[in-house]
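Comments concern the structure below.
The values are calculated or read from the model by the stated rules, or taken from the named source; none is laboratory data. Everything numeric in this text was worked out from a predicted model, so none of it was measured. FYI the Cβ positions are ideal-geometry reconstructions off the backbone, even for glycines, and counts take in every protein chain you see.
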Amino acid sequence: MERHERMPETPTVETLVKAWRAGAVPRREFLRRAALLGIGAAAANTLLEREAPAQTTQKRELVVGQGGDISKFDPHYSTSANDIRVSFNTFDNLVSRHPDGKLYPGLATEWKSTAPTTWQFKIRQGVRWHNGDPFSSADAKFSLERTWDPALKTRVNTVFTTIDRVEAPDPATVLIHTKQPDPLLPARLAFYGGQIVPKKYIEAVGSDAFNAKPVGTGPVRFVSWTKDDKVVMEANPDYWGGRIDVDRVIFRSIPENAARVAALLKGEIDVMVLLTPDHFDRVNQHPTTRAVGVLYAGLYVLAVNSKVPPLNTPLVKQAMSLAVDREAIVKELWRGRGIAPNGPIARGDNHYDTTLSPLAFNPKEARERLKKAGYKGEPIYIETTSGYMANDKPMSEAIAAMWKDVGLNAVVEVLEYSVRAQKNRERTFKGVWWSDPTSTLGDPDGMMWRLLSPGGPQDYWRHPEFDELGQAARFSLDEKFRGEAYKKMTRVFLEHFPWIPVIQSYEDYGLQKYVEFTPNPNQQFEIRRFNSRMRRA
Amino acid sequence: MSRVFEQPAAVPLALPAVRRRRRRVPWLLITSGAFVGALAVVAVAAPYLAPQNPERGSLRARLVAPTLEASDGKAHPLGTDHLGRDVLSRVIYGTRVSLTIGFAAVAVGGLVGGLLGLLAGFRGGWLDEVIMTVADAQLAFPFILLAIGIIAVLGPSFPNLIVVVGLSGWVTYARVLRAQVLSLRRREFVDAIVGLGGSIPRVLLRHILPNVGSTLMVIATLELARAIVLEATLSFLGLGIQPPTPSWGGMIHEGREYLDTAWWISVAPGLILMLTSLVVSRTGDWLRDVLDPTLRGE
Amino acid sequence: MRAGFGGFLAYRLFRALIALWLVSTVVFVVMRLSGDPAPLLLPPDAPIAEMNRVRRELGLDRPLPVQYAVYLGNVVRGDFGRSIHFREPAMRVAFAYLPATFELGLTAFVIAALVAFPVGVFSAVRRNSLLDHAAMGFALVGQSAPTFFIGILFILILSLRLDLFPTSGRGEWRHLVLPALTLGAFAMASIARITRSAVLEVQRADYIRTARAKGVGEFVVVAKHTLKNAALPILTITGLQFGTLLGGAVVTETVFAWPGMGRLAIQSIYNRDYPVVQSTVFIAAALFIVINLVLDALYGVLDPRAREKAA
């Protein structure tokens, strides 16, 4: 059926569907005629979805809409979501984690443990940096050592604390010696901190210049950055993983949710990150766009500064957790796009305890614990950003109201993201704040232990049993032992609540229908042949 | 933005002929007076008038369109916001913030401005020069930037807001009072009285205030409208009264996120704000036309 | 008369410089109000040595008057330090965002003037007609409604519902329309009302009646004579509105995410990037004072009486 042909008033279902597929009938029309044919609304909608016109494009440019601007291009100096989306595409890691959760070769083609504390990585040959320099094992050694160099004070200095030293005996081999047997080492190399940066270039121009004009091995290379507006990258024609099928990738900064959605619906951007549940349906039902999501490999928690009273009292924190109606938050604020956590381990990770029930909601019990703790009404500050994490401010307000209901003096303070980043670095949070720890290894070691361990980014609370178990579990090769250790650590966690887990949500993206993209559950936004392409006619 | 810009320093506009408005007088005054009075009543009686708790809503009834029967079984004539709070109740409570800060700021501005104007008029000389230069500096400057800067440093509390919003408008009062004093001094009898030992406060009471009384009323009315709008603007920028306390500007700010799905969150308080500003400033305009047309070209 | 005019101008210039100095002082005071400004002017991960260097440079270890002198010296040189967020000299950052604000302000003003003048004249000529009432009604709303809400309404109706314009940002001409209309609303309303009043005054004058009696087209006569006699006050009001526009830009740019200096100022305040805040405040003040000075000069040229009155 051609676009210009007119349909009979009551076509057959077949004709109607054919017309829809050809783009000859708008959505509302379709529903009207379907109704005339006696097809119920639900069935009609299913038909619409299933038979969606296969939209294609000739665009040579992919525009990604983010919730904020880049602050740093240097992958070792920022782990902020807006930055890593760019750095994961400018740079490669030795090991690559695909959306299916498995590890695949990256800049290293194979690896094996040659001794209990030694891993051998074979380096991919023939790879060039964006400026033409050849890539070799020296770059890998340089990158890893750079992360923990005390003089440089990188943001990722705790990612590789298990590594003792790195050797690059020849340009094609890297030997990593760990302090103790570390079965998770390849997984550690796959996430942020493990991006490989160019030794020669950085040594020549210095870190500041490198940050201003980054050079990597990734599928796109840096062209320009207009502050608070956009970052323009162009495709790397010699990318070892295969050139991506667009010429340019542009990251635009659109902080307002509504504006980002509007931009997507109007076709101004092709991919939208941080699609909030309130807009999910709208994007999904729009004729030219769809929403796609995956359960986040991580948790949304309220991290607690357990050093300041009254947060130094376990009973108070237990009450805070008991007062949160997670089911209502999941159902209403997230419209069901998430699950209530049962502890500090994300579902999908190793050693996730399926026997534990979701964290309880019991306001009565919360009030009693507060009484027992002798809580005197000291203010509890929720320092939140607005729009940096999905639903951050609404959740803060909802939880503040829930806490007020049980007698906690909750105060919400809104911060700009840069101020939050500063407080994060300086450890100057006044009470609780939102954190979205990512389970970088698919294992509790990569989330709970990485962040809450002594010297870790969220080291506000210590407990001897917890610390001992965490350390032991990290280096044990006995999965059964590790499982038991994490069970015990969970029990300690649920008594002291260094975090108050709130939700394990879906990470949703809005896409134009001609973009095929499979998101990675750990927020690793990558544009490579194996997970994204444009549908061409 | 200051309405003062309608009255530039030395523009000799011809005086408008007195219009035959006397017939319409009572109507406009009564309506506007009633409106402001009603607002004041709403502000004071908010706890009794608001159908629901403005700070606590049911998450089950989020983003509900204006309706008489929502999923939480209650009526929401203006809908609910993103946390399920009743918008009507929040608008009612928001009246408190707007009127309190509005009136208080006008008082602060009036007192400070009046005092400085009198000082400038009486003392003259370098004090007068200084005060007028400061006035010029403030007028020539986007006050909102200064306001934002100060609030950002000192914090958005009621007293801070009242002082900052109040200080945004002292110049008009100062100018009027200074002009009044100067014109009286030209008539020399003020100096004579003072020379004979009469006290300045008495001069103030007997001669100056009666003359500026009506002018001050006009200015105060116009300033009230401006103060209410300035407070709402600061709240809209996140620098006003903080949530969960409802304020009109704050609600418009919160609703911005949901403009495409739940427009009533922003529009309801916005319309009330617009209406209030309209009525009050129209009253001020009319008062000025009737009581003191010279203000048009001071 | 030339000497008088020169003196008049010099006097205004002197007042302008004083005003600028006052603004700088207020900024200085506000910065010191929050305690030690050094941490505010540097990135949080700056080494102690860097912080001490800045403290020495600002003279923070010396008595307050010395600090003030150092500060004023820096202001005169245009040195406001390095932006914490952008890692560039703060003044340079502020200047980079200025063109966008100019574009917006100028467009808003031009549209406002172009629309308001004819509307004002027409309303006066067709006094008490439906058009007059409608126009003045709109003008009333435009003058009393808060700018940010006008912007929100425009976004809701013209962008989201009718899909005529983009919701935010800067790019092609479409992006300029809504922000310019929002920013110019107050000015448009004010100019229309003032024009109407001025025209009404002119209308009452005798020569109009004479012209009417002669049967000459009223509109043309009015327009000609209005422009001659009411030009001065209208010009002044208009010029002042232009100054107000640059102030109102702060809010409009925020609503429409227009990348101008107003939005930069607000973002910098949220980001606690005080070097940039100082720069923007200073530039804005300087701009206003210059504009007012130019207006005063123009006014002085056009109306000799004003020179004596103001001096």
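List, please: which pairs have Cβ atoms under 7 Å, are six or more places apart or on different chains, and start with a residue in segment A:277-299 that is over 30 Å from residue A:345 (Cβ atoms) and end with one that is assigned to a loop (DSSP other than H, G, I, E, B) and among the small types (Gly, Ala, Ser)?
A:288/A:267
Give me a count of the residues in segment A:488-537 that are in a loop (DSSP other than H, G, I, E, B) and within 20 Å of residue A:97 (Cα to Cα).
14
Which one of the conditions (1) more than 14 Å from residue A:408 (Cα to Cα); (2) assigned to a helix (DSSP H, G or I); (3) of a type in the set (Gly, Ala, Ser) does residue A:346 fail to meet, given that it meets all the rest?
All conditions are met except number (2).
Regarding segment A:380-392, can at least one residue be identified that is of a type outside the set (A, V, I, L, M, F, W, C) and assigned to a helix (DSSP H, G or I)?
The answer is yes, given that some residue of segment A:380-392 is of a type outside the set (A, V, I, L, M, F, W, C) and assigned to a helix (DSSP H, G or I).
Is it the case that residue A:290 is within 25 Å of residue A:525 (Cβ to Cβ) and either within 14 Å of chain B (Cβ to nearest Cβ) or over 21 Å from the mean Cα position of the chain (by Cα) (or both)?
When the stated conditions are applied, residue A:290 does not pass them.
Mind checking whether some residue in segment B:288-298 is at the interface with chain C (Cβ under 8 Å from one of its Cβ atoms) and either outside any loop (DSSP other than H, G, I, E, B) or modelled with pLDDT under 85 (or both)?
Yes: segment B:288-298 contains one or more residues that are at the interface with chain C (Cβ under 8 Å from one of its Cβ atoms) and either outside any loop (DSSP other than H, G, I, E, B) or modelled with pLDDT under 85 (or both).
Looking at this structure, is residue A:495 in contact (Cβ under 8 Å) with a residue 40 or more places away in the chain, farther than 22 Å from residue A:257 by Cα and not aromatic (Phe, Trp, Tyr)?
Taking the combined requirement at face value, the residue satisfies it.
For segment A:235-249, check the following and say yes or no: at least one residue is free of Cβ contacts under 8 Å to residues at least 40 places away in the same chain, within 24 Å of the chain's Cα centre (by Cα), more than 14 Å from chain C (Cβ to nearest Cβ) and buried (at least 17 other Cβ atoms within 10 Å of the Cβ).
Yes, segment A:235-249 has at least one match.
Where residues in segment A:119-129 are under 30 Å from the mean Cα position of the chain (by Cα) and not aliphatic (A, V, I, L, M), which of them is surrounded by the most Cβ atoms within 10 Å (Cβ to Cβ)?
A:121
What single numbered condition from (1) within 8 Å of another protein chain (Cβ to nearest Cβ); (2) more than 29 Å from residue B:286 (Cα to Cα); (3) touching a Pro at 6+ places or on another chain (Cβ under 9 Å) fails to hold for residue C:156?
The number of the failed condition is (3).
Does residue A:474 qualify as being out of contact with any Phe, Trp or Tyr (no Cβ under 8 Å at 6 or more places or on another chain), of a type in the set (Lys, Arg), more than 23 Å from residue A:87 (Cβ to Cβ) and crowded, with 20+ Cβ neighbours inside 10 Å?
When the stated conditions are applied, residue A:474 does not pass them.
Check segment B:109-129 and report whether any residue there is out of contact with any Pro (no Cβ under 6 Å at 6 or more places or on another chain), closer than 24 Å to residue B:242 by Cα and modelled with pLDDT of 90 or more.
yes
How many of the residues making up segment C:145-174 are free of Cβ contacts under 8 Å to residues at least 24 places away in the same chain and over 19 Å from residue B:255 (Cα atoms)?
Looking only at that region, the number is 8.
Among (1) of a type in the set (Ser, Thr, Tyr); (2) over 30 Å from residue A:276 (Cβ atoms); (3) crowded, with 22+ Cβ neighbours inside 10 Å, there is one condition residue A:438 misses while meeting the rest; what is its number?
The number of the failed condition is (2).
Just to be sure, is residue A:527 modelled with pLDDT under 90, of a type in the set (A, V, I, L, M) and either surrounded by 20 or more Cβ atoms within 10 Å (Cβ to Cβ) or closer than 28 Å to residue A:188 by Cα (or both)?
So residue A:527 fits the description; yes.
Restricting to segment A:393-414, name every residue that is among the charged types (D, E, K, R) and assigned to a strand (DSSP E or B).
Of everything in segment A:393-414, just one residue is among the charged types (D, E, K, R) and assigned to a strand (DSSP E or B), namely A:413.
Hand me the list of helices (runs of 4 or more DSSP H) wholly inside segment A:234-329 holding 2 or more residues that are among the aliphatic types (A, V, I, L, M).
Fully inside segment A:234-329 and qualifying: A:257-266, A:314-322.
Find the helices (runs of 4 or more DSSP H) located wholly in segment B:76-178 whose residues include 3 or more that are surrounded by fewer than 24 Cβ atoms within 10 Å (Cβ to Cβ) and touching a strand residue (DSSP E or B) at 6+ places or on another chain (Cβ under 7 Å), and list them.
The helices (runs of 4 or more DSSP H) meeting that bar number zero.
Pick from segment A:424-435 the residues that are at pLDDT below 90 and under 21 Å from the mean Cα position of the chain (by Cα): which of them is nearest to residue A:379 (Cα to Cα)?
This residue is A:424.
Please verify whether segment C:104-112 includes one or more residues that are modelled with pLDDT of 90 or more and within 11 Å of chain B (Cβ to nearest Cβ).
no
Residue under question is residue A:427, and the condition is that it be surrounded by fewer than 16 Cβ atoms within 10 Å (Cβ to Cβ) and within 14 Å of chain C (Cβ to nearest Cβ); does it hold?
Spelling it out, residue A:427 is indeed surrounded by fewer than 16 Cβ atoms within 10 Å (Cβ to Cβ) and within 14 Å of chain C (Cβ to nearest Cβ).
Among the listed residues A:79, A:114, which satisfies the condition of being part of a loop (DSSP other than H, G, I, E, B) and among the hydroxyl-bearing types (Ser, Thr, Tyr)?
After applying the criteria, what remains is A:79.
When segment C:131-153 is examined, which residues are found to be buried (at least 16 other Cβ atoms within 10 Å of the Cβ), more than 8 Å from every other protein chain (Cβ to nearest Cβ) and farther than 15 Å from residue A:259 by Cα?
C:132, C:135, C:136, C:139, C:142, C:150
Scan segment A:451-463 and tell me whether some residue there is outside any loop (DSSP other than H, G, I, E, B) and in contact with a helix residue (DSSP H, G or I) (Cβ under 6 Å, 6 or more places away or on another chain).
No, the conditions are met nowhere in segment A:451-463.
Among (1) among the small types (Gly, Ala, Ser); (2) modelled with pLDDT of 75 or more; (3) within 17 Å of the chain's Cα centre (by Cα), which single condition is residue C:268 missing?
Single failed check for residue C:268: (3).
Quick check on segment A:371-392. Is at least one of its residues over 25 Å from residue A:507 (Cα atoms), of a type in the set (A, V, I, L, M) and buried (at least 19 other Cβ atoms within 10 Å of the Cβ)?
Within segment A:371-392 (the criterion being over 25 Å from residue A:507 (Cα atoms), of a type in the set (A, V, I, L, M) and buried (at least 19 other Cβ atoms within 10 Å of the Cβ)), the answer is yes, since at least one residue qualifies.
Return the residues of segment A:208-233 that are basic (Lys, Arg) and outside any loop (DSSP other than H, G, I, E, B); say none if nothing qualifies.
Once the filter is applied, which keeps residues that are basic (Lys, Arg) and outside any loop (DSSP other than H, G, I, E, B), segment A:208-233 yields A:221, A:230.
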